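Notes for the one structure printed next.
Coordinate-derived values only; no laboratory data. As the structure is a computational prediction, the values presented were derived from the model and not from experiment. Here the Cβ positions follow ideal geometry from the backbone for every residue, glycine too, while neighbour counts run over all protein chains shown.
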Amino acid sequence: MSGQAAVVDQATPEPLAPMSHQKVVVRRAVAARKFDQPRFLYVFTALVFVYLFAPILVVFWFSFNSRKSLQVFGSFSLTWYGKLLEDSNIISSLVASVEIAFVTMVVATVLGTMLAFGLVRARWWANRPTGTLMLLNLVTPEIVTGIAFLLVFSQLGLTLSLGTVIIGHITFSIAYVTIIVRGRLAAINREVEEAAQDLGANDLQAVRLVTLPLLWPAIIASGMLVFVMSFDDFVTSFFTTGIGVQPLPLRIYSMIRFGVTPEINAVGSLMMVITIVIVLAALFVYARQQRARLAFLAE
Amino acid sequence: MSVAANRLWRLMLAPAGLWLVVFFVAPFSIVIAVSLATTDFLGRPVFGWNPENYQQVFDPLFIPVLVRSAAFAVAATALCLLIGYPVAYMIARFGGRFRNFLIVLIILPWFADYLVRIYAWFVILGDQGVVNGLLHAVGFPGDPPVTFINTPFAVIGGLVYDFLPFMILPIYAALERMDPSLTEAGKDLYGTPLQTFLHVTWPATVQGVVAGVVLVGLPALGDFATAQILGGPNTYMIGNLIQDQFGSGYWPFGAALTIVLMAVLSLLMIFYLRSAARPAEASA
C-alpha cells in the first residue's frame, strides 16, 4: 500500500495531468501518502519514548555522580552506592522487601493458578461470581483496598507487620496470575490431555504430566511479575506496614519527604535494575515458549 | 469430563475465592461500618448510624478538593489518550517486526519503582533540578528559571507519566486485532484519511479506548503520592485527603471519603465491565 503510494508520488511530483481521471489518482495518492507515511507520527513516537525513558535515565546517571548536585556532574563514582551499603536501615528494608515479595510470589502463584484451573474447567454456578470478584479486585484502586486492610487489621486487633503487608500483596496479586495462566490454559488443546488419558493416565496424572509442563512458562512468568509488583508496591504497603522494619518503597518515600539526596538516586537505580532484570527474564521465559509452540505447529 | 474431575476443578476455585471474600469483600463491609461510626476518646471507631460523615464530604471546605481531583484525573486521562493513541497507532501499523519490542519498551519504564518515577520528575524539573541548572547556565533569568513543582502541571504531568502505558496497551491491542484491509476499504471508497479514521479505525478501536480511559482514570483519581511529591497544598487531591484522615485525622470521615470515591469509581468500572463483556459475548 505505502509502496504503491510512493511510486505514484515519485512519478507525478506535481498534479499537472489534465485528465480528470488522473487527477483523482494523484489526489488520492497524496492523501494516501499522508496516511501511510506519517513522518509526524514517527517523530511524535520518538519523542514519547524520550519522555518515557528520560526521567529514569537521569536518575540512573546522577546515581553515579561524585557530587551531591543534580545540576553538575562531577565525575563517575560509586560514592552513593557505598553510602547505601553502610545504611543498615536500607539494607534491612531491602531484605524485608525481598522476603515479602518472595512469600507473596509463592502464595499468589499457587492460589492464582488454582483459580485459573477452576475458572477454565469447572462447570459450576460459582465460576461467574468468582471471576467477577477477581476482576473487581483487579480494577479497585489500591488506596481503597489499602484502607480496607488498615481498618480490618485494626478491628481484628492484628498488629501491623510484614505479615499484614504480605496479606495485602497476595490479595492484589492473585488476579494477575490468574489472568496470565488462564489465557495460556484456555489456549492448550484439551485433546493432548485426552490423549494422555487414552494412554492410561488418570485425570491428575494427565494434568501433572501434560498440562502443567505446558503451563510452566506462564506460571513462572506470572510469578516473576508478582514478585516485581510486590517488590515495587507502595500504596498497599503504606497502609499495612506497622512500626519496625519498612519495605524499601516506604523507606524511599520517607527519604523523599526529607528532601532530595543522591542516595535516593542510588537506591532507586538499584531497584530499577532488579525489577527490570526480572521483568526481562519473565518476558524471555514467556516468549521462548511461544516460539517453541510456533515451531512445533510449523512442523 | 468425569464427575470426579469436575469436583476437583470446583475445589480449585475455593482457596482463591475464599481469600478474596475474606480479604477483599469483608473489608469493604468494615469500611462502610466505619464510615457511619463515631470515635471514642482514643480515636477508635464506635459503630453506629452517623451519616454526618457523608455530609462532611460535601462540605464547602472540601468541594474544591473533589473538583480538583476530578479535573486532574480527567486532564491526565485526556492527555494520555492524546499521546497514547498516536503512539499505539504508530506501533501497530508501522512497527513491523519491531512491534513486540516497541511494546516492551513502552511497558519497561513502568516497572521502575512508582515512587522513583515520580521522584525522577523532581530531579529533572525541580527548582534545583537538571533543567533549571541548564537554563541557568545559558543565562535564563530567575531563580529558579522555571517553577514546575507545586503547580497543577506538575501533578497532571506526573499522573500522565504514571499511567500512560495503561492507555497505550489496550489501544494497541485493539488496533492490532483490527483488520488493516478495513482502512484500505475506507480509502477505496474515497474516504479522506480523516473520514477513514472517524468511520473505520475509531469505531473498531473504541473498545480499547474505553479500556484505556478506565485503566488510567481509576488509578489517577485515587492517586495520592504524585500530588504529595510533585505538588503542594494547592494541588491536594482526594487521595491526599483520605491519607491524612488515616494518618492523624478522623477515621470515620476518611472511611466516608473512601466510600464516596469507591462509588464514583464503581460507576466507571461497571461501564467498563459491560463494554468489555459485549465483544466477548459477540464472539462466543
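For the residues B:Phe41, B:Phe98, B:Phe122, a GNM of chain B with alpha-carbon springs under 10 Å puts the largest fluctuation on B:Phe41.
Quantify how much of the Cα-Cα distance distribution of region A:129-227 extends past 16 Å, in percent. Walk me through the numbers on the way to the answer.
Numbers: 3239 of 4851 pairs.
Everything past 16 Å amounts to 67 percent.
Given the Cα atoms of region A:224-270, and with Rh set as the inverse mean 1/r over their pairs in the Kirkwood sense, what is Rg to Rh to two decimals? Result for region A:224-270 is an Rg/Rh of 0.99.
Mind grabbing the base-10 log of I(q)/I(0) for region A:168-299 at q = 0.22 Å⁻¹? Debye formula, identical points on the C-alpha positions, no solvent, two decimal places. So the normalised log intensities are -1.28.
Rounded to the nearest 20 debye, what is the charge dipole size of region B:1-147 about its Cα centre when +1 sits on each Lys and Arg Cβ and -1 on each Asp and Glu Cβ?
Working: 8 positive and 6 negative charges, 194 e Å.
Here region B:1-147 has a charge dipole of around 940 debye.
Any idea what log10 I(q)/I(0) is at q = 0.13, 0.15, 0.20, 0.31 Å⁻¹ for region B:99-139, Debye with uniform C-alpha scatterers and no solvent? After summing over all Cα pairs, the log10 values are -0.43, -0.53, -0.68, -0.92.
For region B:125-284, the Kirkwood hydrodynamic radius comes to 19.2 Å, computed from all pairs of different C-alpha atoms.
Need the full-extension length gain, B:Ser275 to B:Leu61, defined as separation in residues times 0.36 nm minus the C-alpha distance. One decimal, nm. Don't skip to the end; give the middle numbers.
Working: separation 214, 0.36 × 214 = 77.04 nm, distance 3.63 nm.
My answer for the length gained is 73.4 nm.
Taken about its Cα centre, the protein assembly as shown carries a charge dipole of roughly 1100 debye when the Cβ of each Lys and Arg holds +1 and the Cβ of each Asp and Glu holds -1.
Counting 0.36 nm for each residue step from B:Asn234 to B:Asp127 and taking away their Cα separation leaves a gain of 36.8 nm. The coefficient of translational diffusion for region B:99-218, derived via Stokes-Einstein from the alpha carbon Kirkwood radius under 10 °C and 1.306 mPa s, stands at 92 µm²/s. Computed over the protein assembly as shown, the P(r) curve from all C-alpha pair distances, binned at 10 Å from the origin, holds 3, 14, 24, 25, 18, 10, 4, 1, 0, 0 percent per bin. Placing +1 on the Cβ of every Lys and Arg and -1 on the Cβ of every Asp and Glu, with no other charges, gives region A:77-151 a dipole of roughly 560 debye about its Cα centre. Peptide B:26-35 has a mean of 5 when you count, residue by residue, the C-beta atoms of other protein chains within 10 Å of its C-beta.
Projecting label points 7 angstrom from Cα along Cα→Cβ for A:Ala195 and B:Thr192 puts them 5.7 nm apart. The residue among A:Tyr42, B:Leu11, B:Met262 whose Cα reaches farthest toward the positive pole of the charge dipole of the protein assembly as shown, with charges on the beta-carbon of Lys, Arg, Asp and Glu, is A:Tyr42.
Approximating the spin labels as points 7 Å out from Cα along Cα→Cβ, the B:Leu268-to-B:Val21 distance works out to 3.0 nm.
For chain B, report the % of Cα-Cα distances exceeding 37 Å. Please report the intermediate quantities before stating the final value.
On the way: 12914 of 40186 pairs.
It works out to 32 percent of all Cα pairs.
Selection among B:Pro64, B:Tyr161, B:Ala26 by position relative to the dipole of chain B gives B:Ala26 as farthest towards the positive end (Cβ unit charges, Cα centre). Diffusion coefficient (Stokes-Einstein, Kirkwood radius over C-alpha pairs, 20 °C, 1.002 mPa s) for region B:20-178: 107 µm²/s, rounded to a whole number.
What's the average, rounded to a whole number, of partner chain beta-carbon atoms within 10 Å of each residue's beta-carbon in B:178-187? Numbers along the way, then the final one.
Numbers: counts 0, 0, 1, 1, 0, 3, 3, 0, 1, 7.
Taking all residues of B:178-187 together, the mean is 2.
Summarising the overall dimensions of region A:112-157 from its C-alpha atoms, the Rg and Dmax are 14.1, 39 angstrom.
Take each residue of peptide B:159-167, count the partner chain Cβ atoms within 10 Å of its Cβ, and average: the result is 1.
Hey, any idea what the orientation-averaged projected area of the convex hull of region B:116-176's Cα atoms comes to, in nm²? Mean projected area for region B:116-176: 5.4 nm², to one decimal.
How big, in percent, is the set of alpha carbon pairs in region A:51-182 lying more than 21 Å apart? Intermediate values should be presented prior to the final figure.
Working: 5403 of 8646 pairs.
Value for region A:51-182: 62 percent of Cα pairs lie more than 21 Å apart.
Can you tell me the length gained on complete extension of the stretch A:Arg39 to A:Asn202, counting 0.36 nm per residue apart and subtracting the Cα distance?
Gain on extension, A:Arg39 to A:Asn202, equals 52.7 nm.
Once the mean of 1/r is taken over each pair of separate Cα atoms and inverted, region B:1-44 shows a Kirkwood hydrodynamic radius of 13.3 Å.
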